[in-house]
Amino acid sequence: SLGEDTQDFRQLVGKLERSGYGVFSRILSCAKYGVPQFRNRLIVIGVKDNGRFEWPAEASESVTTRDAIGDLPKVEEGATQNPCPYDKPITEFQRYCRRSVPLEETTLIYDHVARRVRQDDMEAFRLMNSETKYSDLPESLTRYDTTKYVDKYNRQAYDKVGRTITAHMAKGGYWYIHPEQNRTFTIREAARLQTFPDHFRF
């Protein structure tokens, strides 16, 4: 549902149709098309002179968080080395992300830096797996109201599609705790989940 945007959407479609376009629209789950995160997007296609359009087939398998970031080197919380050494891609998705990296940089990864983690949060991370809710943590490790912030902290699961990366990740970073390491996602890990190629610098 488009909610408050429904009227704007109908006006857009009307303008396109009056201009001679055939309009095809759907809300698609990007995870069904090779993006390793849950992200639904309204896609609108206009084809001139009422031409035909076929929606592409969904991928047979999802790209998991492991598929996206499993090749990245282990780094500690607060890591600032940039670039850092990189071995090689393992999955098709990782090869896709590496495809435009200059030859002289194939053994390097940029922006694989991590924010610092408070000591009490580090203790909380150590107790968490991908099923743990913030409200499951001991009271001594929760500084927010656990009735309002049930999922304030969220350790991602390697073998699932990642949580949608938000624009305010710097403030909501604890939604993106690494599947195995006791830290939040690095810039590069967040970029990978959004399908930014590795040559793209932040």
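The values are calculated or read from the model by the stated rules, or taken from the named source; none is laboratory data. It should be emphasised that the depicted structure is a prediction, and the values quoted were computed from it without experimental measurement. Note: ideal-geometry Cβ built from the backbone for every residue, glycine included; neighbour counts use all protein chains shown. Just the protein is used for accessible areas: all its heavy atoms, side chains included, with ligands, DNA and RNA removed. Shrake-Rupley method; radii C 1.70, N 1.55, O 1.52, S 1.80 Å.
Quick notes on this structure:
- A search for C-beta distances below 9 Å between a residue of region 103-124 that is farther than 21 Å from His178 by Cβ and any residue that is open to solvent by 20 Å² or more (accessible area, probe 1.4 Å), counting only pairs 6+ apart in sequence or on different chains, returns Glu105/Pro83; Glu105/His199; Thr106/Lys88; Thr106/Arg98; Thr107/Pro85; Thr107/Asp87; Thr107/Lys88.
- Listing of helices (runs of 4 or more DSSP H) fully contained in region 86-202 that carry 1 or more residues being aromatic (Phe, Trp, Tyr): 92-98, 119-127
- For Tyr21: the one exception among (1) open to solvent by 50 Å² or more (accessible area, probe 1.4 Å); (2) closer than 22 Å to Thr164 by Cα; (3) touching a strand residue (DSSP E or B) at 6+ places or on another chain (Cβ under 7 Å); (4) of a type outside the set (Gly, Ala, Ser): (2)
- Evaluation of Gly46 against the conditions (1) in a loop (DSSP other than H, G, I, E, B); (2) free of Cβ contacts under 8 Å to residues at least 40 places away in the same chain shows that the sole unmet condition is (1).
- Lone qualifier among Tyr144, Tyr134 - being open to solvent by 50 Å² or more (accessible area, probe 1.4 Å) and of a type in the set (Ser, Thr, Tyr): Tyr144
- Test: Gly173 is buried (at least 23 other Cβ atoms within 10 Å of the Cβ), of a type in the set (Gly, Ala, Ser) and under 19 Å from Arg39 (Cβ atoms): no
- Where Gly14 falls short, out of the listed (1) closer than 21 Å to Ala191 by Cα; (2) small (Gly, Ala, Ser); (3) surrounded by fewer than 14 Cβ atoms within 10 Å (Cβ to Cβ): (1)
- All conditions in (1) more than 21 Å from Ala114 (Cβ to Cβ); (2) open to solvent by less than 50 Å² (accessible area, probe 1.4 Å); (3) in contact with a Ser or Thr (Cβ under 6 Å, 6 or more places away or on another chain) hold for Phe9, with the sole exception of (3).
- In region 135-152, residue modelled with the lowest pLDDT [restricted to those that are within 17 Å of Tyr176 (Cα to Cα) and in contact with a Ser or Thr (Cβ under 6 Å, 6 or more places away or on another chain)]: Val150
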